[in-house]
Structures are given as structure tokens and as C-alpha cells.
Amino acid sequence: MKRLIFKRLLLLIPLVLGVSLICFTLINLNPSNPAEVTLRVNNITPTNEAILEMQKELGLDKPLYQRYIYWLKDILKADFGNSYETKEPVLNEILQAFPTTLYLTFCSLFLIITVGFSIGVICAIYEGHWIDRTLRIFTFVCTSVPSFWFALLLIWLFSIKFDLLPTGGLEDINSIILPSITLAISYIGTFIRIMRNSLVQIKQSLFISYAKARGLKKHVILKHQIRNALQPFIIALNMSIPRLLAGTVIVENIFGLPGVGRLCIQAIFNRDYPMIQAYILFMAVLFILFNLFADIWVQIRDPRLRRCQ
């Protein structure tokens, strides 16, 4: 097992290097001149002399491969460069905004686990019953509704019509309720389906038939079913965490939350390339790490996969 984990960790190096190369190249293939953008963002007239001077200051006068090597060296020293807009270190700005994004993701994850797990189990218990059919319609609606439209609907209903919750900002715990529901709603439908289908599939297994033949009580059999159905649920959960973090872009902008997603959108509008590069790389590394964690977790849980390796 240690050898397998070591091999997976070694694979991280070429993966992260590949992602960093794609990220750097795509941003630099953009037709707009970063030096001119920087001058305009700082209200400086972009004359030819000013553009050349800014290109030299930003290191844009060097060949692309040299800039990539320098950029990579700086990242290894935890230096993602300075924002074109604010002139502040990019890493500091991301670290300041990240707690808000993490808070929103944690609240959404809590909703996904509690609601997705509970309704999934209820659907499996009442398989084929009208309760199951009604909850499956709810699941279909959850996965079909676009997040931005659902966010606007929640704002109209709970903030404007009934005046129960704030429309935006992050002042108290009430401010996070609507954004969390918006972010979690599409995932809740998916996790209800995963839990229900796993339980229904396990219900037809031989060991469940054997447990019934032994005369075990229903709640004991259900406990065995849930224990076996948790594996796909947890794997899907691991893969959803980075998607949730990346998915905060729309929710944070609709509800005015000062998180990393909102920072990214502002950087895109201002063509703040160091910020965009850092955000893409940060999210890509998160995806790779959570994928690795899920892979190792599955190998630990299932000895058959280890033997195949």
C-alpha cells in the first residue's frame, strides 16, 4: 500500500507541471497586451514608450519559455506575482478571500451530506412507493434548475417578498443561508440518486438475502446496506469538494460575497493575468489532490483493487 501511495504521489509532479504549462500558455496566448491593460487599469495613457517600459517591468520582453521558467520558480517560492490592478501580492489576496469561499463550501457540503443522505435512504426504503416517486421528481428538479435562476428565485421569495433573509453580503449567519442552498441544490439531487441507487442495488445482494433468511430485524439489515452504500457516496463527495469551491464563482457574485470566486471574476474583467493564472492553478491542484485522496481511499477500502494493482 505504501508503494502504491508513493507511486500516486510521484505522478502528481508531471500532472501539476502539465497543468501549470497549459494554464500559463493559454493565458499568454490572449491577444490583448498585458502591459497596455496594466496601464489602462492604473489610469495611465498607454503610449508606445509607456507600454515598452511596462513590458520590461513585467518581464514581458523575454521569450515565452523563459517567462514560464521564471514563473514556475517564483511559484515554488510561494510567489504568484503581483496583481496588475492592486499591485498587491496575488497570494495575499487569495488567502484573504479564501476563508469566505471555504465557509460557503463547508455550509453547502453540510446541506449536501444531510439532505442527500437522508432523502436517498428514504427513497430506497420506500422503493416504488409514491413517496419514492415524489422525492425522485424533487431530485430531477434539483439537478435541472440553473443555479443563477434558483438564486434569483430565493432572493425574490425570502428577501423581497417575506423579508426574512438578506439579499447579499456577509454580515451574520443569515447571510450564508441562501448562497449555501443555491450552491448545494444541484449536488443534493445527484447525491440523493447515488445513495438511493446504491442501496437498491445492495438490497438485491446475496448477503442481504442471507441476512433476511437469518431473521435479522429490518433496521439491522438497513444498517448493513448503508455501510456498503457509503463508499460511492464518499468517493463522489471527495470529487465534489473542488467542484464546489470552483462553483462559488456564480454564487459569490450574485450574493456579493467577498470570496475567491468573486476575486476571479473581477480579475477576468480587469484582465488581471497573474490573478487568473493563480486561480486556475489553485483549482487544478485542488482537483488533483482530491482525486488522489479518493483514489487512495478506494484502494484502502477495497483489497481486490490493491491485488489488481
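The values are calculated or read from the model by the stated rules, or taken from the named source; none is laboratory data. This structure is a prediction, so every number in the text was calculated from the model and none was measured. Here the Cβ positions follow ideal geometry from the backbone for every residue, glycine too, while neighbour counts run over all protein chains shown. Each accessible area value is taken on the protein alone, full model and side chains, heavy atoms only, with ligands, DNA and RNA left out. Shrake-Rupley method; radii C 1.70, N 1.55, O 1.52, S 1.80 Å.
Put simply, the Cα atoms of the stretch 251-301 extend 45, 25, 10 Å along their principal axes, the longest span coming first. What shape does the chain take by its C-alpha gyration tensor, where a ≥ b ≥ c are the square roots of the eigenvalues and a/c under 1.5 counts as rounded, a/b above b/c as prolate, and the rest as oblate? It comes out oblate by the Cα gyration axes.
A 1.4 Å probe run over the stretch 63-103, with the rest of the protein chains in place, finds 63 Å² accessible per residue.
Ordered by solvent-accessible area of protein heavy atoms (1.4 Å probe), largest first, the residues Trp71, Trp149, Trp130 come out as Trp130, Trp149, Trp71.
Surface composition of the chain: carbon plus sulfur atoms hold 65% of the accessible area, using a 1.4 angstrom probe and ignoring ligands, DNA and RNA. Per residue, the accessible area of the stretch 133-284 comes to 52 Å², computed with a 1.4 Å probe over protein heavy atoms only. Placing Leu15, Leu26 in order of accessible area, with the largest value first and a 1.4 Å probe, yields Leu26, Leu15. Only Lys, Arg, Asp and Glu carry charge here, each on its Cβ (+1 for the first two, -1 for the last two); on that basis the chain has a dipole of about 2440 debye about its Cα centre.
How would you classify the stretch 94-149 from its alpha-carbon gyration tensor, with a ≥ b ≥ c the square roots of the eigenvalues: rounded for a/c under 1.5, else prolate if a/b is greater than b/c, otherwise oblate? Oblate is the answer for the stretch 94-149, as a/c is 1.5 or above yet b/c matches or exceeds a/b. Highest mean packing first, where packing is the average number of other Cβ atoms within 10 Å per residue, the peptides 278-284, 61-67 line up as 278-284, 61-67.
Restricting to DSSP H runs of at least four residues, report the calculated mean residue ellipticity at 222 nm for the chain, -39500 (n - 2.57) per run over all residues, nearest 500 deg cm²/dmol. One gets -26000 deg cm²/dmol as the mean residue ellipticity at 222 nm. In this structure, the amide hydrogen of Asn82, modeled 1.01 Å from its nitrogen in the peptide plane, lies closer than 5 angstrom to those of Val90, counting only residues at least 5 positions away or on a different chain.
Springs between Cα atoms under 10 Å define the GNM used for the chain, and in it the highest mean-square fluctuation of Ile254, Ile235, Ile51 occurs at Ile51.
Is the stretch 51-176 rounded, prolate or oblate when judged by the Cα gyration tensor, a ≥ b ≥ c being the square roots of its eigenvalues, rounded requiring a/c under 1.5 and prolate requiring a/b larger than b/c? In terms of gyration-tensor shape, prolate. Ellipsoid fit via the Cα gyration tensor, the stretch 66-124: semi-axes of 41, 15, 8 Å, each the root of five times an eigenvalue, largest first. Taking the C-alpha atoms only, the angle from helix 90-125 to the longest principal axis of the chain is near 20 degrees. Computed with a 1.4 Å probe over protein heavy atoms only, the accessible area of Phe290 comes to about 50 Å². When the Cα positions of Ile112, Ile122, Leu286 are compared along the charge dipole of the chain, Ile122 comes out farthest toward the positive end, with charges on each C-beta of Lys, Arg, Asp and Glu. About the centre of its Cα atoms, the stretch 126-232 shows a dipole size close to 960 debye [charges on the beta carbon of Lys, Arg (+1) and Asp, Glu (-1) only; nearest 20 debye]. Projected onto their three principal axes, the Cα atoms of the stretch 105-194 cover extents of 43, 25, 20 Å, largest first. Accessible area per residue (1.4 Å probe, heavy atoms of protein chains only) ranks Glu49, Glu85 as Glu49, Glu85, with the largest value leading.
Which residue, Phe138, Phe255, Phe80, has the most motion in a Gaussian network model of the chain that connects Cα atoms within less than 10 Å? Maximum fluctuation in the GNM of the chain, among the listed residues, is at Phe138.
When nucleic acids and ligands are ignored and a 1.4 Å probe is applied, Ile13 ends up with an accessible area of around 100 Å².
Just the Cα atoms of the stretch 27-106, one point each, no solvent: what log10 I(q)/I(0) does Debye give at q = 0.12, 0.15, 0.19, 0.20 Å⁻¹? Log10 I(q)/I(0), no solvent term: -0.45, -0.67, -0.95, -1.01.
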